[in-house]
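Participant: Once you've had a glance at the structure underneath, I'll fire off some questions.
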Amino acid sequence: MSLARPAAGPRPRGAPLSGRSLIRAHVITYGCQMNEYDTHVIHSELVAGGHSLVDHPRDADLILLNTCAVRGKPVEKVVSLLGELRKERRGGRRLTIGLMGCLAQLEEGRTIAEKFDVDILVGPGAIPDVLPAIDAVARGEGRQRSLRFRDDLDKLVPPAPDALTGFLTIMRGCDHHCTYCIVPSTRGPEVSRPAELILREARAMHQAGVQEVVLLGQNVNSYGLGDPELPSFAELLRMVAGVGIPRVRFTTSHPMNFTSDIIDVIADEPNVCSYIHLPAQSGSDRVLRRMAREYRRERYLEIIREIRAKVPGVVISTDLIAGFPGETEEDFEQTLGLYDEARFDHAYMFVYSARPGTPSAERFDDLPKQVKVARLQRLIERQKHWALASNRTFVGRELRVLVKDLGRDGQYAVGHSDQNHTVLVPRDQLQRMGLARVRVTHATPHALYGDVPGARPSAVPLAMAS
Ligand code: SAM
Ligand code: SF4
(Lines give C-alpha, C1' and ligand atoms only; values in the text may rest on other atoms or scores of the structure.)
(Ligands and ions follow the chains in the order given, each with its own letter.)
Protein backbone atom coordinates (compact mmCIF):
# COMPACT_ATOMS: atom_id res chain seq x y z
CA MET A 1 0.00 0.00 0.00
CA SER A 2 1.50 3.37 -0.90
CA LEU A 3 0.69 6.89 0.16
CA ALA A 4 -0.78 9.37 -2.28
CA ARG A 5 2.32 11.53 -2.08
CA PRO A 6 5.27 9.46 -0.85
CA ALA A 7 8.18 10.95 1.07
CA ALA A 8 11.00 12.12 -1.18
CA GLY A 9 13.98 9.85 -0.52
CA PRO A 10 15.01 7.99 2.61
CA ARG A 11 15.38 9.84 5.92
CA PRO A 12 15.66 8.78 9.56
CA ARG A 13 12.52 7.19 11.03
CA GLY A 14 10.30 9.81 12.61
CA ALA A 15 12.47 12.75 11.57
CA PRO A 16 10.58 15.98 10.89
CA LEU A 17 9.75 16.42 7.23
CA SER A 18 11.58 19.77 6.91
CA GLY A 19 8.39 21.70 7.55
CA ARG A 20 6.75 20.50 4.30
CA SER A 21 3.22 19.10 4.36
CA LEU A 22 3.69 15.66 2.93
CA ILE A 23 0.48 13.98 3.90
CA ARG A 24 -3.01 15.34 4.36
CA ALA A 25 -4.33 13.59 7.44
CA HIS A 26 -7.73 13.31 9.10
CA VAL A 27 -8.37 11.72 12.50
CA ILE A 28 -11.80 10.33 13.42
CA THR A 29 -12.42 10.03 17.15
CA TYR A 30 -14.74 7.61 18.93
CA GLY A 31 -15.48 7.24 22.64
CA CYS A 32 -14.48 9.11 25.75
CA GLN A 33 -12.75 12.39 26.59
CA MET A 34 -9.46 10.51 27.01
CA ASN A 35 -9.72 9.69 23.33
CA GLU A 36 -10.43 13.33 22.51
CA TYR A 37 -7.25 14.23 24.37
CA ASP A 38 -5.33 11.47 22.56
CA THR A 39 -6.57 12.85 19.24
CA HIS A 40 -5.17 16.22 20.24
CA VAL A 41 -1.81 14.50 20.92
CA ILE A 42 -2.02 12.66 17.56
CA HIS A 43 -2.71 16.00 15.82
CA SER A 44 0.35 17.53 17.54
CA GLU A 45 2.51 14.59 16.42
CA LEU A 46 1.28 14.84 12.83
CA VAL A 47 1.92 18.56 12.65
CA ALA A 48 5.36 18.13 14.26
CA GLY A 49 6.08 15.55 11.54
CA GLY A 50 5.35 18.11 8.83
CA HIS A 51 1.96 16.72 7.81
CA SER A 52 -1.18 18.79 7.41
CA LEU A 53 -4.60 18.23 8.95
CA VAL A 54 -7.73 18.36 6.83
CA ASP A 55 -11.25 18.86 8.13
CA HIS A 56 -12.95 16.30 5.94
CA PRO A 57 -11.98 12.64 5.38
CA ARG A 58 -12.67 12.97 1.65
CA ASP A 59 -9.69 15.37 1.36
CA ALA A 60 -7.27 13.09 3.21
CA ASP A 61 -4.46 10.80 2.05
CA LEU A 62 -4.29 9.31 5.52
CA ILE A 63 -7.26 8.50 7.77
CA LEU A 64 -6.60 7.50 11.37
CA LEU A 65 -9.45 6.00 13.40
CA ASN A 66 -8.96 6.66 17.12
CA THR A 67 -11.23 3.92 18.38
CA CYS A 68 -13.15 2.89 21.50
CA ALA A 69 -13.64 -0.76 22.53
CA VAL A 70 -15.54 -0.43 25.80
CA ARG A 71 -18.79 -1.70 24.31
CA GLY A 72 -19.73 -3.62 21.14
CA LYS A 73 -21.55 -0.66 19.49
CA PRO A 74 -18.52 1.59 18.86
CA VAL A 75 -16.65 -1.41 17.46
CA GLU A 76 -19.49 -2.02 14.99
CA LYS A 77 -19.24 1.62 13.85
CA VAL A 78 -15.51 1.25 13.17
CA VAL A 79 -16.07 -1.97 11.21
CA SER A 80 -18.72 -0.31 9.09
CA LEU A 81 -16.47 2.68 8.29
CA LEU A 82 -13.53 0.41 7.47
CA GLY A 83 -15.84 -1.46 5.06
CA GLU A 84 -16.66 1.81 3.28
CA LEU A 85 -13.00 2.86 3.09
CA ARG A 86 -12.03 -0.54 1.70
CA LYS A 87 -14.67 -0.11 -1.01
CA GLU A 88 -13.23 3.31 -1.91
CA ARG A 89 -9.73 1.90 -2.14
CA ARG A 90 -10.93 -0.94 -4.34
CA GLY A 91 -12.52 1.75 -6.48
CA GLY A 92 -9.09 3.35 -7.00
CA ARG A 93 -8.74 5.87 -4.13
CA ARG A 94 -5.15 6.10 -2.86
CA LEU A 95 -5.48 6.16 0.89
CA THR A 96 -3.54 5.03 3.93
CA ILE A 97 -5.62 3.80 6.85
CA GLY A 98 -4.59 3.60 10.51
CA LEU A 99 -6.37 1.99 13.45
CA MET A 100 -5.47 3.58 16.79
CA GLY A 101 -7.05 3.71 20.26
CA CYS A 102 -8.34 0.92 22.47
CA LEU A 103 -9.58 -1.41 19.72
CA ALA A 104 -6.12 -1.44 18.12
CA GLN A 105 -4.69 -2.94 21.32
CA LEU A 106 -6.97 -6.00 21.28
CA GLU A 107 -6.86 -9.31 19.42
CA GLU A 108 -10.30 -8.28 18.11
CA GLY A 109 -8.75 -5.11 16.61
CA ARG A 110 -5.87 -7.02 15.03
CA THR A 111 -8.33 -9.38 13.33
CA ILE A 112 -10.38 -6.43 12.05
CA ALA A 113 -7.21 -4.66 10.84
CA GLU A 114 -6.18 -7.80 8.94
CA LYS A 115 -9.61 -8.19 7.36
CA PHE A 116 -9.78 -4.57 6.13
CA ASP A 117 -6.12 -4.18 5.03
CA VAL A 118 -5.35 -1.54 7.63
CA ASP A 119 -1.82 -0.13 7.07
CA ILE A 120 -1.05 1.20 10.55
CA LEU A 121 -2.00 -0.30 13.90
CA VAL A 122 -0.92 1.77 16.92
CA GLY A 123 -2.23 1.22 20.46
CA PRO A 124 -3.18 3.98 22.92
CA GLY A 125 0.10 3.59 24.82
CA ALA A 126 2.23 4.09 21.69
CA ILE A 127 0.93 7.30 20.10
CA PRO A 128 4.41 8.73 19.30
CA ASP A 129 5.05 5.62 17.17
CA VAL A 130 2.51 6.83 14.63
CA LEU A 131 4.99 9.11 12.82
CA PRO A 132 7.64 6.45 12.18
CA ALA A 133 4.83 4.12 11.10
CA ILE A 134 3.56 6.67 8.55
CA ASP A 135 7.11 7.12 7.22
CA ALA A 136 7.69 3.39 6.96
CA VAL A 137 4.45 2.87 5.03
CA ALA A 138 5.46 5.74 2.74
CA ARG A 139 8.77 4.01 2.07
CA GLY A 140 6.84 0.95 0.99
CA GLU A 141 7.83 -1.13 4.02
CA GLY A 142 4.36 -2.63 4.35
CA ARG A 143 2.02 -2.72 7.33
CA GLN A 144 3.23 -1.24 10.57
CA ARG A 145 2.18 -1.97 14.13
CA SER A 146 3.14 -0.77 17.60
CA LEU A 147 1.26 -1.99 20.62
CA ARG A 148 3.74 -1.33 23.40
CA PHE A 149 3.02 0.90 26.38
CA ARG A 150 5.56 3.66 25.83
CA ASP A 151 6.48 5.84 28.73
CA ASP A 152 5.68 9.10 26.97
CA LEU A 153 3.96 10.70 29.92
CA ASP A 154 6.83 13.11 30.54
CA LYS A 155 6.18 14.96 27.30
CA LEU A 156 4.65 18.44 27.48
CA VAL A 157 1.49 18.71 25.38
CA PRO A 158 0.80 22.26 24.17
CA PRO A 159 -2.80 23.50 24.31
CA ALA A 160 -4.95 23.18 21.19
CA PRO A 161 -5.11 26.51 19.32
CA ASP A 162 -8.10 28.74 20.21
CA ALA A 163 -9.64 26.12 22.50
CA LEU A 164 -11.97 27.25 25.28
CA THR A 165 -11.77 23.81 26.92
CA GLY A 166 -8.43 22.10 27.55
CA PHE A 167 -8.21 18.39 28.28
CA LEU A 168 -5.29 17.48 30.51
CA THR A 169 -4.41 13.83 31.16
CA ILE A 170 -3.09 13.40 34.71
CA MET A 171 -2.81 9.62 34.58
CA ARG A 172 -3.19 6.73 32.21
CA GLY A 173 -4.34 3.13 32.59
CA CYS A 174 -6.30 1.32 35.28
CA ASP A 175 -5.33 -1.03 38.12
CA HIS A 176 -8.88 -2.13 38.86
CA HIS A 177 -10.19 -5.29 37.32
CA CYS A 178 -13.93 -4.83 36.95
CA THR A 179 -14.99 -8.11 35.38
CA TYR A 180 -16.92 -6.49 32.51
CA CYS A 181 -14.29 -3.97 31.46
CA ILE A 182 -11.73 -4.08 28.66
CA VAL A 183 -9.86 -0.91 29.70
CA PRO A 184 -7.10 -2.55 31.80
CA SER A 185 -6.16 -4.62 28.71
CA THR A 186 -6.26 -1.70 26.30
CA ARG A 187 -4.70 1.05 28.39
CA GLY A 188 -2.39 -0.93 30.66
CA PRO A 189 -1.57 -0.33 34.32
CA GLU A 190 -2.02 3.01 36.10
CA VAL A 191 0.76 5.56 35.62
CA SER A 192 0.53 9.09 37.04
CA ARG A 193 2.13 11.98 35.18
CA PRO A 194 4.56 14.23 37.06
CA ALA A 195 2.73 17.01 38.92
CA GLU A 196 5.13 19.70 37.65
CA LEU A 197 4.34 18.76 34.05
CA ILE A 198 0.61 18.87 34.73
CA LEU A 199 0.97 22.33 36.24
CA ARG A 200 3.08 23.55 33.32
CA GLU A 201 0.40 22.36 30.89
CA ALA A 202 -2.30 24.04 33.00
CA ARG A 203 -0.33 27.32 33.07
CA ALA A 204 0.18 27.16 29.29
CA MET A 205 -3.57 26.69 28.89
CA HIS A 206 -4.26 29.64 31.17
CA GLN A 207 -1.93 31.83 29.10
CA ALA A 208 -3.56 30.63 25.87
CA GLY A 209 -6.98 31.76 27.13
CA VAL A 210 -8.46 28.37 27.99
CA GLN A 211 -11.57 28.92 30.14
CA GLU A 212 -12.04 25.37 31.41
CA VAL A 213 -9.55 22.60 32.11
CA VAL A 214 -10.70 18.99 32.43
CA LEU A 215 -8.34 16.70 34.34
CA LEU A 216 -8.57 13.24 32.81
CA GLY A 217 -7.89 9.70 33.93
CA GLN A 218 -9.79 6.40 34.19
CA ASN A 219 -9.76 6.90 37.97
CA VAL A 220 -8.42 10.37 38.67
CA ASN A 221 -8.62 9.91 42.42
CA SER A 222 -5.98 7.15 42.25
CA TYR A 223 -3.52 9.85 41.13
CA GLY A 224 -0.17 9.52 42.89
CA LEU A 225 -1.15 6.47 44.94
CA GLY A 226 1.90 4.40 45.77
CA ASP A 227 4.38 7.13 44.79
CA PRO A 228 5.42 9.23 47.80
CA GLU A 229 7.04 11.76 45.45
CA LEU A 230 3.67 12.72 44.00
CA PRO A 231 0.89 14.73 45.64
CA SER A 232 -2.49 13.12 46.28
CA PHE A 233 -5.33 13.86 43.88
CA ALA A 234 -6.86 16.32 46.36
CA GLU A 235 -3.53 18.18 46.61
CA LEU A 236 -3.08 18.19 42.84
CA LEU A 237 -6.62 19.50 42.34
CA ARG A 238 -5.91 22.37 44.71
CA MET A 239 -2.67 23.18 42.86
CA VAL A 240 -4.40 23.20 39.47
CA ALA A 241 -7.18 25.39 40.91
CA GLY A 242 -4.44 27.83 41.97
CA VAL A 243 -3.29 28.30 38.35
CA GLY A 244 -6.28 30.56 37.78
CA ILE A 245 -8.19 28.94 34.90
CA PRO A 246 -11.79 30.06 35.53
CA ARG A 247 -13.17 26.52 35.65
CA VAL A 248 -11.59 23.21 36.71
CA ARG A 249 -13.33 19.87 36.14
CA PHE A 250 -12.18 16.27 36.44
CA THR A 251 -13.33 12.85 35.29
CA THR A 252 -13.66 9.95 36.04
CA SER A 253 -13.73 9.31 39.77
CA HIS A 254 -13.90 5.85 41.32
CA PRO A 255 -15.84 5.40 44.58
CA MET A 256 -12.99 3.33 46.05
CA ASN A 257 -10.57 6.20 46.71
CA PHE A 258 -13.02 9.06 46.76
CA THR A 259 -11.76 10.50 50.03
CA SER A 260 -13.12 13.38 52.14
CA ASP A 261 -10.18 15.66 51.26
CA ILE A 262 -11.31 15.67 47.59
CA ILE A 263 -14.80 16.76 48.65
CA ASP A 264 -13.22 19.49 50.81
CA VAL A 265 -11.28 20.91 47.82
CA ILE A 266 -14.47 21.01 45.73
CA ALA A 267 -16.23 22.80 48.58
CA ASP A 268 -13.35 25.28 49.19
CA GLU A 269 -12.05 26.23 45.76
CA PRO A 270 -14.48 28.50 43.89
CA ASN A 271 -13.20 27.56 40.43
CA VAL A 272 -13.46 23.78 40.98
CA CYS A 273 -16.84 22.81 39.55
CA SER A 274 -19.59 21.67 41.86
CA TYR A 275 -20.19 18.71 39.59
CA ILE A 276 -19.12 15.16 40.37
CA HIS A 277 -19.36 12.10 38.16
CA LEU A 278 -19.15 9.02 40.35
CA PRO A 279 -19.97 5.73 38.59
CA ALA A 280 -22.00 3.33 40.77
CA GLN A 281 -22.62 0.63 38.08
CA SER A 282 -25.22 -1.18 40.24
CA GLY A 283 -27.18 -0.80 43.46
CA SER A 284 -26.98 -4.49 44.34
CA ASP A 285 -24.11 -5.73 46.51
CA ARG A 286 -24.39 -9.16 44.90
CA VAL A 287 -23.90 -7.65 41.43
CA LEU A 288 -21.13 -5.30 42.63
CA ARG A 289 -19.31 -8.35 44.00
CA ARG A 290 -19.65 -10.19 40.67
CA MET A 291 -18.43 -7.05 38.89
CA ALA A 292 -15.43 -6.99 41.30
CA ARG A 293 -16.20 -3.39 42.25
CA GLU A 294 -14.41 -2.77 45.55
CA TYR A 295 -17.20 -0.87 47.39
CA ARG A 296 -20.71 -1.75 48.45
CA ARG A 297 -24.01 0.10 48.16
CA GLU A 298 -23.89 1.57 51.70
CA ARG A 299 -20.36 2.95 51.27
CA TYR A 300 -21.39 4.48 47.94
CA LEU A 301 -24.39 6.22 49.55
CA GLU A 302 -22.21 7.41 52.43
CA ILE A 303 -20.00 9.27 49.90
CA ILE A 304 -23.06 10.79 48.22
CA ARG A 305 -24.38 12.02 51.59
CA GLU A 306 -21.03 13.59 52.46
CA ILE A 307 -20.81 15.35 49.05
CA ARG A 308 -24.33 16.75 49.34
CA ALA A 309 -23.72 17.91 52.91
CA LYS A 310 -20.47 19.72 52.09
CA VAL A 311 -21.11 21.11 48.58
CA PRO A 312 -24.38 23.07 48.37
CA GLY A 313 -26.08 22.92 44.97
CA VAL A 314 -23.77 20.14 43.78
CA VAL A 315 -24.80 18.10 40.75
CA ILE A 316 -23.98 14.39 40.81
CA SER A 317 -24.04 12.01 37.87
CA THR A 318 -23.26 8.32 37.63
CA ASP A 319 -22.76 5.37 35.27
CA LEU A 320 -25.10 2.38 35.52
CA ILE A 321 -25.04 -0.94 33.69
CA ALA A 322 -28.38 -2.64 32.98
CA GLY A 323 -28.53 -6.41 32.69
CA PHE A 324 -25.15 -7.53 34.01
CA PRO A 325 -24.96 -11.36 33.77
CA GLY A 326 -26.93 -13.00 36.56
CA GLU A 327 -28.67 -9.73 37.53
CA THR A 328 -32.08 -10.72 38.92
CA GLU A 329 -35.21 -8.58 38.97
CA GLU A 330 -34.53 -7.98 42.66
CA ASP A 331 -30.93 -6.88 41.96
CA PHE A 332 -32.18 -4.50 39.31
CA GLU A 333 -34.80 -3.04 41.65
CA GLN A 334 -31.98 -2.30 44.08
CA THR A 335 -30.33 -0.24 41.33
CA LEU A 336 -33.59 1.67 40.82
CA GLY A 337 -33.74 2.11 44.60
CA LEU A 338 -30.17 3.43 44.66
CA TYR A 339 -31.21 5.95 42.01
CA ASP A 340 -34.03 7.20 44.23
CA GLU A 341 -31.88 7.33 47.34
CA ALA A 342 -28.93 9.07 45.69
CA ARG A 343 -31.27 11.30 43.63
CA PHE A 344 -28.76 11.42 40.81
CA ASP A 345 -29.11 14.60 38.78
CA HIS A 346 -28.00 12.74 35.69
CA ALA A 347 -26.87 9.25 34.64
CA TYR A 348 -25.10 7.56 31.75
CA MET A 349 -26.78 4.20 31.34
CA PHE A 350 -25.55 1.23 29.33
CA VAL A 351 -26.84 -2.18 28.42
CA TYR A 352 -24.24 -4.75 29.46
CA SER A 353 -22.06 -5.63 26.49
CA ALA A 354 -20.02 -8.85 26.67
CA ARG A 355 -16.51 -7.88 25.57
CA PRO A 356 -14.32 -10.74 24.34
CA GLY A 357 -11.53 -11.54 26.80
CA THR A 358 -13.14 -9.95 29.87
CA PRO A 359 -13.78 -12.24 32.88
CA SER A 360 -17.55 -11.67 32.82
CA ALA A 361 -17.77 -12.58 29.13
CA GLU A 362 -15.71 -15.74 29.72
CA ARG A 363 -17.36 -16.90 32.95
CA PHE A 364 -20.96 -15.74 32.97
CA ASP A 365 -23.93 -16.25 30.65
CA ASP A 366 -25.31 -13.11 29.04
CA LEU A 367 -28.94 -12.27 29.82
CA PRO A 368 -31.41 -12.21 26.90
CA LYS A 369 -31.19 -8.93 24.96
CA GLN A 370 -34.87 -8.06 25.53
CA VAL A 371 -34.39 -8.32 29.33
CA LYS A 372 -31.36 -6.00 29.21
CA VAL A 373 -33.06 -3.48 26.93
CA ALA A 374 -36.29 -3.46 28.99
CA ARG A 375 -34.26 -2.74 32.14
CA LEU A 376 -32.34 0.03 30.40
CA GLN A 377 -35.67 1.55 29.40
CA ARG A 378 -36.86 1.54 33.02
CA LEU A 379 -33.61 3.16 34.10
CA ILE A 380 -34.02 5.85 31.44
CA GLU A 381 -37.52 6.61 32.77
CA ARG A 382 -36.12 6.94 36.28
CA GLN A 383 -33.33 9.15 34.99
CA LYS A 384 -35.78 11.47 33.19
CA HIS A 385 -37.89 11.79 36.34
CA TRP A 386 -35.02 12.81 38.61
CA ALA A 387 -33.27 14.93 35.97
CA LEU A 388 -36.42 17.00 35.48
CA ALA A 389 -36.91 17.37 39.24
CA SER A 390 -33.29 18.48 39.63
CA ASN A 391 -33.26 20.80 36.59
CA ARG A 392 -36.45 22.55 37.78
CA THR A 393 -34.69 23.61 40.99
CA PHE A 394 -32.38 25.76 38.82
CA VAL A 395 -35.21 27.78 37.19
CA GLY A 396 -34.91 31.44 38.23
CA ARG A 397 -31.24 31.03 39.19
CA GLU A 398 -28.32 32.68 37.46
CA LEU A 399 -25.62 30.26 36.30
CA ARG A 400 -22.20 30.69 34.78
CA VAL A 401 -22.20 29.01 31.36
CA LEU A 402 -19.33 28.26 29.01
CA VAL A 403 -20.86 28.77 25.57
CA LYS A 404 -18.99 26.92 22.81
CA ASP A 405 -21.39 25.85 20.06
CA LEU A 406 -24.42 26.74 18.05
CA GLY A 407 -27.48 24.49 18.35
CA ARG A 408 -28.55 22.42 15.37
CA ASP A 409 -31.39 24.76 14.44
CA GLY A 410 -29.12 27.81 14.59
CA GLN A 411 -31.51 29.62 16.97
CA TYR A 412 -29.62 28.86 20.14
CA ALA A 413 -26.07 28.97 21.40
CA VAL A 414 -25.23 25.95 23.56
CA GLY A 415 -22.96 25.71 26.57
CA HIS A 416 -22.42 23.96 29.88
CA SER A 417 -22.97 25.33 33.36
CA ASP A 418 -20.49 24.93 36.23
CA GLN A 419 -22.76 22.07 37.29
CA ASN A 420 -22.51 20.50 33.81
CA HIS A 421 -26.06 21.22 32.64
CA THR A 422 -26.53 21.70 28.93
CA VAL A 423 -27.76 25.30 28.69
CA LEU A 424 -29.36 26.92 25.61
CA VAL A 425 -29.44 30.68 25.12
CA PRO A 426 -30.97 32.59 22.15
CA ARG A 427 -27.93 33.19 19.99
CA ASP A 428 -28.72 36.84 19.36
CA GLN A 429 -28.24 37.55 23.10
CA LEU A 430 -24.52 36.78 22.92
CA GLN A 431 -21.68 38.77 21.40
CA ARG A 432 -19.11 35.99 21.52
CA MET A 433 -18.41 32.44 22.63
CA GLY A 434 -16.99 31.97 26.13
CA LEU A 435 -18.22 32.37 29.69
CA ALA A 436 -21.57 34.12 30.21
CA ARG A 437 -24.03 34.65 33.06
CA VAL A 438 -27.38 33.10 32.20
CA ARG A 439 -30.69 33.31 34.07
CA VAL A 440 -32.56 30.00 33.75
CA THR A 441 -36.13 30.38 32.51
CA HIS A 442 -37.17 26.84 31.64
CA ALA A 443 -36.08 23.25 32.33
CA THR A 444 -36.51 19.93 30.55
CA PRO A 445 -35.03 16.56 31.62
CA HIS A 446 -32.17 17.11 29.18
CA ALA A 447 -31.40 20.82 29.27
CA LEU A 448 -31.93 24.25 30.76
CA TYR A 449 -33.03 27.28 28.72
CA GLY A 450 -32.14 30.80 29.76
CA ASP A 451 -31.54 34.45 28.96
CA VAL A 452 -28.52 36.68 29.39
CA PRO A 453 -29.73 39.35 31.87
CA GLY A 454 -29.86 42.79 30.22
CA ALA A 455 -28.85 41.42 26.81
CA ARG A 456 -29.77 43.35 23.71
CA PRO A 457 -30.00 41.33 20.49
CA SER A 458 -26.56 41.20 18.90
CA ALA A 459 -25.99 42.18 15.30
CA VAL A 460 -22.68 40.31 15.19
CA PRO A 461 -22.97 36.65 14.10
CA LEU A 462 -21.58 34.16 16.61
CA ALA A 463 -18.69 32.03 15.42
CA MET A 464 -18.04 28.46 16.57
CA ALA A 465 -15.37 27.74 19.16
CA SER A 466 -13.62 24.52 20.13
N1 SAM B 1 -13.13 4.12 35.25
C2 SAM B 1 -14.47 4.51 35.35
C3 SAM B 1 -15.10 3.78 36.55
O4 SAM B 1 -14.67 2.73 36.92
O5 SAM B 1 -16.06 4.23 37.08
C6 SAM B 1 -15.27 4.23 34.11
C7 SAM B 1 -14.59 4.10 32.79
S8 SAM B 1 -15.46 3.09 31.63
C9 SAM B 1 -14.49 3.30 30.24
C10 SAM B 1 -16.93 4.03 31.32
C11 SAM B 1 -18.21 3.29 31.61
O12 SAM B 1 -18.47 2.34 30.61
C13 SAM B 1 -18.20 2.48 32.89
O14 SAM B 1 -18.42 3.26 34.02
C15 SAM B 1 -19.30 1.46 32.67
O16 SAM B 1 -20.54 1.93 33.13
C17 SAM B 1 -19.34 1.35 31.14
N18 SAM B 1 -18.87 0.04 30.70
C19 SAM B 1 -17.61 -0.45 30.74
N20 SAM B 1 -17.58 -1.70 30.25
C21 SAM B 1 -18.86 -2.02 29.89
C22 SAM B 1 -19.46 -3.15 29.32
N23 SAM B 1 -18.78 -4.25 29.05
N24 SAM B 1 -20.80 -3.11 29.07
C25 SAM B 1 -21.52 -2.00 29.35
N26 SAM B 1 -21.01 -0.90 29.90
C27 SAM B 1 -19.68 -0.89 30.17
FE1 SF4 C 1 -12.92 -0.24 33.70
FE2 SF4 C 1 -13.31 -0.68 36.31
FE3 SF4 C 1 -11.00 0.38 35.45
FE4 SF4 C 1 -13.25 1.82 35.37
S5 SF4 C 1 -12.25 1.00 37.22
S6 SF4 C 1 -11.74 1.63 33.73
S7 SF4 C 1 -14.78 0.31 34.87
S8 SF4 C 1 -11.75 -1.67 35.04
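Participant: Name the single residue that is farthest from THR165 (Cα to Cα) among those in the range 385-415 being under 23 Å from the mean Cα position of the chain (by Cα) and at pLDDT below 95.
Facilitator: Step by step, filter the range 385-415, then rank; the result is ARG408.
A quick yes/no check of all residues on (1) in contact with a Phe, Trp or Tyr (Cβ under 9 Å, 6 or more places away or on another chain); (2) more than 16 Å from ligand 1 (Cβ to nearest atom):
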residue: GLY140; (1), (2): no, yes
residue: ALA163; (1), (2): no, yes
residue: ILE170; (1), (2): yes, no
residue: HIS176; (1), (2): no, no
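Participant: Follow-up. Assess whether LEU199 counts as being more than 29 Å from GLY50 (Cβ to Cβ), touching a helix residue (DSSP H, G or I) at 6+ places or on another chain (Cβ under 8 Å), in a helix (DSSP H, G or I) and of a type outside the set (Lys, Arg).
Facilitator: Yes; evaluated as a whole, the condition is true for this residue.
Participant: So which pairs qualify, if the first residue must be in the range 345-363 and among the polar types (S, T, N, Q), the second must be within 11 Å of ligand 1 (Cβ to nearest atom), the Cβ gap must be under 6 Å, and the two must be at least 6 apart or on different chains?
Facilitator: Listed pairs, sorted by first residue: SER353/ARG71; SER353/GLY72; THR358/TYR180; THR358/ILE182; SER360/THR179; SER360/TYR180; SER360/PRO325.
Participant: Suppose the filter is assigned to a loop (DSSP other than H, G, I, E, B) and more than 16 Å from ligand 1 (Cβ to nearest atom); does PRO279 pass it?
Facilitator: no
Participant: What are the residue pairs meeting all of these: first residue in the range 199-216, first residue crowded, with 22+ Cβ neighbours inside 10 Å and modelled with pLDDT of 95 or more, second residue among the small types (Gly, Ala, Ser) and part of a helix (DSSP H, G or I), Cβ atoms under 7 Å, and 6 or more apart or on different chains?
Facilitator: Close Cβ pairs (under 7 Å, with a partner that is among the small types (Gly, Ala, Ser) and part of a helix (DSSP H, G or I)) amount to VAL213/ALA202.
Participant: Ok, one more. Return the pair list, or none, for Cβ contacts closer than 9 Å from residues in the range 65-77 that are in contact (Cβ under 8 Å) with a residue 60 or more places away in the chain and under 25 Å from HIS43 (Cβ atoms) to residues that are part of a helix (DSSP H, G or I) and within 8 Å of ligand 1 (Cβ to nearest atom), at least 6 apart or on different chains.
Facilitator: Matching pairs, first to second residue: ALA69/VAL183; VAL70/VAL183.
Participant: Right, next: Closer than 20 Å to TYR180 by Cβ, within 15 Å of ligand 1 (Cβ to nearest atom) and in contact with a Cys (Cβ under 9 Å, 6 or more places away or on another chain): which single residue out of ARG363, ARG375, ARG355 fits that description?
Facilitator: The match here is ARG355.
Participant: Scan GLY396, GLY450 and give me the residue that is touching a residue at least 40 places away in the same chain (Cβ under 8 Å), among the small types (Gly, Ala, Ser), buried (at least 20 other Cβ atoms within 10 Å of the Cβ) and farther than 30 Å from CYS102 by Cβ.
Facilitator: Exactly one of GLY396, GLY450 is touching a residue at least 40 places away in the same chain (Cβ under 8 Å), among the small types (Gly, Ala, Ser), buried (at least 20 other Cβ atoms within 10 Å of the Cβ) and farther than 30 Å from CYS102 by Cβ, namely GLY450.
Participant: Exactly one of these conditions fails for LEU402: (1) in contact with an Asp or Glu (Cβ under 9 Å, 6 or more places away or on another chain); (2) outside any helix (DSSP H, G or I); (3) within 16 Å of ligand 1 (Cβ to nearest atom). Give me its number.
Facilitator: Condition not satisfied by LEU402: (3).
Participant: For the range 319-340, does any single residue satisfy the condition of being outside any helix (DSSP H, G or I), of a type outside the set (Gly, Ala, Ser) and closer than 29 Å to VAL401 by Cβ?
Facilitator: Yes: the range 319-340 contains one or more residues that are outside any helix (DSSP H, G or I), of a type outside the set (Gly, Ala, Ser) and closer than 29 Å to VAL401 by Cβ.
Participant: Could you go through the range 301-308 and let me know if any residue there is surrounded by 21 or more Cβ atoms within 10 Å (Cβ to Cβ) and outside any helix (DSSP H, G or I).
Facilitator: No, there is no match, as no residue in the range 301-308 is surrounded by 21 or more Cβ atoms within 10 Å (Cβ to Cβ) and outside any helix (DSSP H, G or I).
Participant: For the range 186-203, does any single residue satisfy the condition of being β-branched (Val, Ile, Thr), within 15 Å of ligand 1 (Cβ to nearest atom), closer than 23 Å to ALA354 by Cα and under 20 Å from the mean Cα position of the chain (by Cα)?
Facilitator: Within the range 186-203, one or more residues are β-branched (Val, Ile, Thr), within 15 Å of ligand 1 (Cβ to nearest atom), closer than 23 Å to ALA354 by Cα and under 20 Å from the mean Cα position of the chain (by Cα).
Participant: A further question follows. Mind counting the residues in the range 130-176 that are farther than 29 Å from MET239 by Cα and either surrounded by fewer than 22 Cβ atoms within 10 Å (Cβ to Cβ) or out of contact with any Lys or Arg (no Cβ under 7 Å at 6 or more places or on another chain) (or both)?
Facilitator: Matching residues across the range 130-176 total 18.
The values are calculated or read from the model by the stated rules, or taken from the named source; none is laboratory data. Model, not experiment: these values are computed from the prediction. Ideal geometry is used to build each Cβ from the backbone, glycine not excepted, and the neighbour counts take in all protein chains shown.
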